[in-house]
Amino acid sequence: MSIVEANEVEQAAVESALQRFGQEPGPLLVVLHAVQDHLGYIPTTSIPAIAERLNLSRAEVHGVLTFYHHFRTHPQGRRVVQICRAEACQARGGEALEAHAKQCLGVDYHGTTADGGTTLEAIYCMGNCATGPSIRIDGKLHSHVTAARFDKLMATRGTH
Amino acid sequence: MVTRVYVPKDSTALSLGADEVVAALRKAKAPIEIIRTGTRGMLWLEPLVEVETSAGRIAYGPVSADDVPGLLAAGLLTGASHALRIGKPEDHPYLKTQQRLTFARVGIVDPSSVEDYIAHGGYRGLERALTMAPADIVKTVADSGLRGRGGAAFPTGIKWKTVLDQNEPQKYVTCNADEGDSGTFADRMLIEGDPLTLVEGMTIAGLAVNATMGYVYLRVEYPEAIDTLRAAIAAAYKAGYLGASIKGSGKCFDLSVRVAAGAYVCGEETSMLESLEGRRGEVRVRPPLPAIKGLFGKPTIVNNVISLASVPVILERGADFYKNFGVGRSMGTLPIQLAGNLKQGGLVERAFGVTLREVLYDYGGGSASGRPIRTIQMGGPLGAYIPPSDFDTPIDYEALAAVGALVGHGGIVAFDDTVDMAKMARYAFEFCAVESCGKCTPCRIGSTRGANLIDNLLAGNKPAEQRALLEGLCDTMLQGSLCGLGGMTPFPVQSAMKHFPEDFAPRGRH
C-alpha cells in the first residue's frame with residue numbers, strides 16, 4: 001500500500017467513526033475506540049479532524065489519546081502478546097514468565113520484535129486471577145502460562 | 001433424543017480450553033444441544049461440563065478436548081461414572097455451603113436469554129418495583145443495609161435518596177464496571193454469567209430515582225464481558241424490558257455500554273464520570289457529589305456492578321430477607337473472590353462474618369504450591385497485606401478495618417512463603433506511578449519517590465533515613481491525595497513493613 005493509499009484508509013476510518021458516533025453524548029472515547037478497532041491504532045494526523053468535528057481543541061484530543069493506556073498512535077506487530085503484571089499472577093510465578101518472555105522475544109514492554117512480528121505489552125489484570133499466570137495472545141486468553149507453555153503457544157501461533 | 005450439555009464461555013473457562021471442548025463435542029456428532037453458560041465459580045475445575053439427566057445436571061471437570069471421546073464412550077450423556085465426574089454441582093462442598101443471592105443464576109442460565117432468566121426467577125424484583133413509588137424502592141434498598149460493594153462501602157440507599165431528592169428532569173444511573181483490582185473478578189463473572197441481573201438492577205435504580213438513561217462503564221480488558229452484556233441488553237430491549245415503556249408501564253429506561261480504555265484510576269467514581277464524558281480520567285474535587293452534579297452535570301447514581309446486581313433480590317424478597325444475612329453493620333452477602341496462590345480458586349458468596357481462615361482453607365484448600373501461605377492481600381492493589389496471625393478475622397467491614405485491612409471489592413490474593421514483601425511494597429508504588437492520573441502531587445510524585453526510597457533502603461544507603469522519609473511520604477500520600485489511588489497506596493506498603501520487617505533489611509548491592 002502506498003503512503004497516499006494508507007492515508008486514505010486512515011481518513012476513511014476516522015470519517016466513518018465520526019459519522020457513526022459523533023452525535024453520542026461525550027463522544028470522544030467512543031470515536032477513538034472505533035478508529036482503533038478499525039485500524040489497530042489512532043493516527044496522530046487524525047487529531048485535527050476529530051477535534052474540529054467534535055468541537056474540541058486539539059490539545060483536548062491529544063490529552064485524551066495519550067492519557068489512556070489502551071490507545072496507541074502506531075501500529076503494533078502482527079501478533080500482540082499481553083502479559084498480566086498484577087499481584088494475583090505474580091503470586092503464581094508471573095515475574096518469571098515476564099522475564100522469560102522479554103528474553104525470548106528480545107524486547108521490553110511496548111516493544112516490537114525487529115521483524116515487526118510480535119509486540120509485547122504489559123497489562124494490569126484481566127480478571128483471570130485464580131488460574132494465572134495469564135496472558136492474552138491476539139485476543140485469546142490463556143491460563144497457567146509457564147515458560148514452557150509460553151514457548152509452545154508462541155511456536156503454535158506462527159513464528160516471531 | 002437430544003441431550004442438553006452445558007459448557008461455560010466464561011473467560012477463565014475459555015482460557016482453559018472450553019471452546020476446544022465444544023469443538024470436540026460437535027466433532028463427535030453426538031445427539032446433543034450445547035448451551036453456553038457462565039461459570040459456577042469453581043475455577044480449578046474449568047472447563048466444567050454439565051449434562052442434563054433425569055437426576056438433574058451432572059458435572060464433569062476439568063475436561064480437556066482430548067477427554068471428550070473417552071467421556072462420551074463412558075456414557076457422559078447419561079451422567080455415567082468417570083474419573084472426571086463431579087456429580088451434581090450444587091452438592092459439591094464448595095457450592096453447598098455458599099449463600100448465593102447475587103450469584104444465584106451464574107453458571108446455570110444462558111446469559112443472553114431473557115426467557116431462561118425469567119424461568120430462573122429473573123425480573124421478579126422489577127415487577128415489584130413497577131408497582132411501587134420511587135421513594136418506597138429507595139426505602140427498601142436503604143432498609144436492606146446494602147453498602148457499596150465496589151470498595152467504598154457507602155450505604156446504597158442514602159446515595160439513591162440524594163439523587164431522588166434532586167429536582168432535575170434529567171438524571172443518570174451509571175454502573176462502574178471498571179474492575180481493575182488484581183484478584184477481583186466478580187464483576188466479570190456476573191456480567192459473563194448473568195448480565196440480566198445487572199440490567200434489572202440498573203432498571204430498578206432508574207425507577208427509584210426517576211432516571212431514564214443508564215451507562216455501564218466496562219473494562220476494555222474484558223472483551224468477552226462486553227460482548228455478553230451487549231447481547232443481553234439487546235435481548236432485554238427486544239423483550240420489552242428496556243426502552244420507552246418498560247413492559248407497557250409507560251416508564252422509560254435506556255441502557256448503553258461504554259467501553260473504558262485501560263486507566264485504573266477510572267474505577268474512582270469522579271474520574272469514571274470524566275471518562276464517560278469523553279475526557280481524561282482525572283479525579284474531580286468533591287463537593288459537589290455525583291449524586292447532585294454527576295454525569296454531564298446532572299444528578300447521577302454511581303454504583304458498582306455487584307451493588308446493582310444485588311438490588312433485584314432485595315426487591316423480590318424484601319429488605320428483611322437480605323438484611324438477615326451478615327453481621328453488625330455488614331449486612332447481606334459478599335461475593336468473595338479467591339485468587340493467586342490457592343489450590344481451589346474461585347468465587348464464594350457468603351454472608352458477612354465468615355473468617356479469612358475459613359475461606360482460605362475450607363474453600364481455597366490452602367496454597368496451590370503446597371507451601372505455607374505467608375500473607376494475603378485483600379481488596380486489590382490498595383489493600384493491606386494481612387499476616388496469618390490475623391486470619392481468624394471475620395470478613396466484615398468493621399472487623400477488617402480494625403486490623404488495618406479492608407473488604408474492598410472482596411478479592412483475596414494469597415501468596416506462599418516465597419513472596420518477597422519488599423518487592424510487593426515497591427510494586428505498590430510502581431503500580432501507582434503507572435496509573436496515577438497526575439492531578440495531585442502526592443500521588444504523581446510520591447509514587448515514583450516511594451519506589452526510589454525502597455530501592456535505597458534495600459541497597460543499605462542510610463537505611464534509617466530512608467525509613468523515616470518513607471514514613472513521612474506515606475503520611476503525605478494518605479492525607480494529601482485527592483482520591484483513593486494515592487491515598488491508599490501506603491496501605492500495602494506500610495502493612496508489608498509492619499508485618500514483615502525482615503524483608504526490608506538492607507541487602508547490599510544487587
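Nothing in this text is a laboratory measurement; each read-out follows from the coordinates by a stated rule. From a predicted model like this one, the values you see are computed outputs, not experimental measurements. Neighbour counts run over all protein chains shown; Cβ positions are idealised from the backbone, glycine included.
What's the FRET efficiency of B:Glu127 with A:Lys152 using the Cβ-Cβ distance as r and R₀ = 45 Å, to the nearest 0.05?
Numbers: r = 52 Å, r/R0 = 1.15.
That pair, B:Glu127 with A:Lys152, gives E of 0.30.
Taking the Cβ of A:Tyr41 as the center, what net charge do the other residues with Cβ under 14 Å away carry, scoring Lys and Arg +1 and Asp and Glu -1?
On the way: positive: A:Arg72, A:Arg78; negative: A:Glu10, A:Asp37, A:Glu121.
Within the 14 Å Cβ shell, the charges total -1.
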(message) Suppose R0 equals 51 Å. What FRET efficiency, 1/(1 + (r/R0)^6) with r the Cβ-Cβ distance, do B:Glu502 and B:Ile158 give to the nearest 0.05?
(response) 0.70
(request) Distance between Cα centroids, segment B:49-124 to segment A:46-76: provide it in whole Å. (result) 47 Å
(request) Quick one: grab Rg to one decimal and Dmax as a whole number for segment A:14-160, Cα atoms only, in Å. (result) 17.6, 52
(request) Report the semi-axes of the equivalent ellipsoid for segment B:1-53 in whole Å, largest first, where each axis is √(5λ) for an eigenvalue λ of the Cα gyration tensor. (result) 19, 12, 7
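For segment A:79-156, what value does the Rg/Rh ratio take when both radii are computed over Cα atoms and Rh is the Kirkwood radius, given to two decimals? Please report the intermediate quantities before stating the final value.
Details: Rg = 11.2 Å, Rh = 12.1 Å.
Ratio value, two decimals: 0.93.
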(request) Can you give me the three principal axis dimensions of segment B:3-96 from its C-alpha atoms, in Å, biggest first? (result) 33, 29, 22
(request) State the antiparallel share, in %, of DSSP beta bridges confined to segment B:3-96, rounding to the nearest 5. (result) 60 percent
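For chain B, what is the relative contact order in percent, using Cα pairs closer than 8 Å and at least 6 residues apart in sequence? List each step's numbers first, then the result.
On the way: 1115 pairs, mean separation 69.0, N = 510.
It rounds to 14 percent for chain B.
Could you please rank B:Trp44, B:Trp160, placing first whichever residue has the fewest other Cβ atoms within 10 Å of its Cβ? It would help to have the intermediate numbers written out before the result.
Numbers: B:Trp44 21, B:Trp160 27.
In increasing order of surrounding Cβ atoms, one gets B:Trp44, B:Trp160.
Give me B:Met378, B:Met42 sorted ascending by neighbouring Cβ count inside 10 Å, so fewest comes first.
Numbers: B:Met378 27, B:Met42 24.
Final ranking by Cβ density, sparse to dense: B:Met42, B:Met378.
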(request) Take the alpha carbon atoms of segment B:174-272, find their radius of gyration, then divide it by 2.2 N^0.38 Å using N residues; give the quotient. (result) 1.07
(request) Find how many whole Å separate the alpha carbon centroid of segment A:87-121 from the alpha carbon centroid of segment A:2-30. (result) 32 Å
(message) Need the C-alpha centroid separation for segment B:208-278 versus segment B:472-508, integer Å.
(response) 36 Å
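Kindly provide the trypsin sites (Lys or Arg not before Pro) of segment B:223-252 that DSSP labels as loop, not H, G, I, E or B, and whose Cβ sees at most 12 other Cβ atoms within 10 Å.
Details: sites: B:Arg230, B:Lys238, B:Lys247, B:Lys251; in loops: B:Lys251.
Qualifying residues, ordered by number: none.
If r is the Cβ-Cβ distance from B:Tyr237 to B:Asp417 and R0 is 51 Å, what FRET efficiency results, to the nearest 0.05? Please list the in-between numbers first.
Values: r = 52 Å, r/R0 = 1.03.
It comes to 0.45.
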(request) For A:Val80, enumerate residues with amide H under 5 Å from its amide H, sequence gap 5+ or separate chain, H modeled in the peptide plane. (result) A:Thr119, A:Asp138
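Could you work out the mean projected area of the convex hull around the alpha carbons of the protein assembly as shown, in square nanometres to one decimal?
Details: hull surface 120.1 nm².
Taking a quarter of the hull surface, the average projection is 30.0 nm².
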(request) Bin width 10 Å, alpha-carbon pairs only: give the P(r) of segment B:385-498 as whole percents, running from 0 to the bin holding the largest distance. (result) 14, 43, 34, 9, 0
(request) Any chance you could tell me what percent of the C-alpha pair distances in segment B:223-372 go past 24 Å? (result) 57 percent
(request) Pull out a ≥ b ≥ c, the square roots of the eigenvalues of the alpha-carbon gyration tensor of segment B:418-468, then state rounded if a/c is under 1.5, prolate if not and a/b is larger than b/c, and oblate in the remaining case. (result) oblate
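Go ahead and estimate [θ] at 222 nm for chain A from helices alone: -39,500 (n - 2.57) per DSSP H run with n ≥ 4, summed, over the residue count, rounded to 500. List each step's numbers first, then the result.
On the way: 7 runs with 74 residues, N = 160.
Here the helix-only value at 222 nm equals -14000 deg cm²/dmol.
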(request) State, as an integer percentage, the relative contact order of segment A:1-137 based on alpha-carbon contacts under 8 Å between residues 6 or more apart. (result) 21 percent
(request) Express the Stokes-Einstein translational diffusion coefficient of segment A:3-67 in µm² s⁻¹, to the nearest whole number, given a Kirkwood radius over alpha-carbon pairs, 10 °C and a viscosity of 1.306 mPa s. (result) 137 µm²/s
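Over all directions, the average projected area of the alpha-carbon convex hull for segment B:325-416 comes to how many nm²?
Values: hull surface 19.7 nm².
Dividing the Cα hull surface by four gives the mean projection, 4.9 nm².
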(message) I need the semi-axes of the equivalent ellipsoid of segment A:121-160: take the C-alpha gyration tensor, multiply each eigenvalue by 5, square-root it, list largest first in whole angstrom.
(response) 18, 12, 8
(message) Can you give the local net charge around A:His69? Use residues other than it whose beta-carbon is closer than 13 angstrom to its beta-carbon, Lys and Arg +1, Asp and Glu -1.
(response) 0
(request) Give the relative contact order (percent, whole number) for segment A:3-67; include only Cα pairs under 8 Å separated by 6+ residues. (result) 29 percent
(message) Classify segment B:114-322 from the C-alpha gyration tensor, please: rounded if a/c falls under 1.5, else prolate or oblate depending on whether a/b exceeds b/c.
(response) rounded
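Taking N as the number of residues in chain B, what is its Cα Rg relative to 2.2 N^0.38 Å?
Against the compact-globule rule of thumb, the ratio is 1.00.
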